[in-house]
Amino acid sequence: MLSRTRAQAIRYVFDKHGKEAVYITNTGFLSRAIYNLYPDNKNIIYMQGSMGLSPAIALGVAKNTTKDVVSFVGDGSLLMHLGITHTIRDENLPNLYVYVIDNNCHESVGKYACSNLESKYPGITEIIKTSND
């Protein structure tokens, strides 16, 4: 499995979906990293304080647009609301993409270790292993 820095993982997703997609970010370091890379992008919704809820919010947005809707969620955050993966799978929206940025910790609350993710979850587009940068 390829490991990237957080910045490389974010750029990979933005390159894949382009400037017209709608991006929903997760809380903490991930959201700030996205802002630092794309401060002028008006298609980014920053969900500060909503740990683990960016996939659920993205699902609601995707149901109401034809644009690609891309959710960024950290591994620790995803584990907090893992049930949304089944709802996303069941909705099966062709324009919804959920990327998990997996650095094996709850970084925003002190870099505490979290449980390891499985290699795949329903409703998740891709789990991207990252180093802490």
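The values are calculated or read from the model by the stated rules, or taken from the named source; none is laboratory data. Remember, predicted model here, so these are calculated numbers, not experimental data. Every residue, glycine as well, gets a Cβ built from its backbone with ideal geometry; the counts of neighbours run over all protein chains shown. Areas reflect the complete protein model, heavy atoms only, side chains present, ligands, DNA and RNA absent. Shrake-Rupley method; radii C 1.70, N 1.55, O 1.52, S 1.80 Å.
Couple of notes before you dig in:
- Label-point gap, in nm, between N41 and T65 - each point 7 angstrom along Cα→Cβ: 1.2 nm
- Cα-based shape type of the stretch 11-89, given that a ≥ b ≥ c are square roots of the gyration tensor eigenvalues and the cut on a/c is 1.5: oblate
- The distance linking the stretch 88-133 with the stretch 43-60 is 13 Å (Cα centroid to Cα centroid, whole angstrom).
- Cα-projected label distance for R4 with A113, points at 7 Å along beta-carbon direction, nm: 2.7 nm
- Restricting attention to the stretch 49-121, close to 25% of DSSP beta bridges with both partner residues there are antiparallel.
- At a probe radius of 1.4 angstrom, the accessible area of the chain per residue rounds to 51 square angstrom.
- Only Cα sites of the chain enter the Debye sum here, all with the same form factor; the resulting log10 I(q)/I(0) across q = 0.15, 0.21 1/Å is -0.62, -1.31, listed in q order.
- Taking the accessible area of the stretch 1-93, probe 1.4 Å, and keeping the other protein chains in place, the carbon and sulfur fraction comes to 53%.
- Checking every one of the GluC sites (Glu not before Pro) in the stretch 42-133 against DSSP loop status and a limit of 10 other Cβ atoms within 10 Å picks out E118.
- Spacing of the modelled spin labels on D15 and M80, each 7 Å from Cα toward Cβ, amounts to 3.0 nm.
- Neighbour-limited loop hits for trypsin sites (Lys or Arg not before Pro), the stretch 1-90 (at most 12 other Cβ within 10 Å; DSSP other than H, G, I, E, B): K19, K42, K63
- Spatially near lysine pairs across the chain, Cα under 25 Å, sequence gap of 8 or more or different chains: 16
- Beta bridges per DSSP with both ends in the chain, % antiparallel, nearest 5: 10 percent
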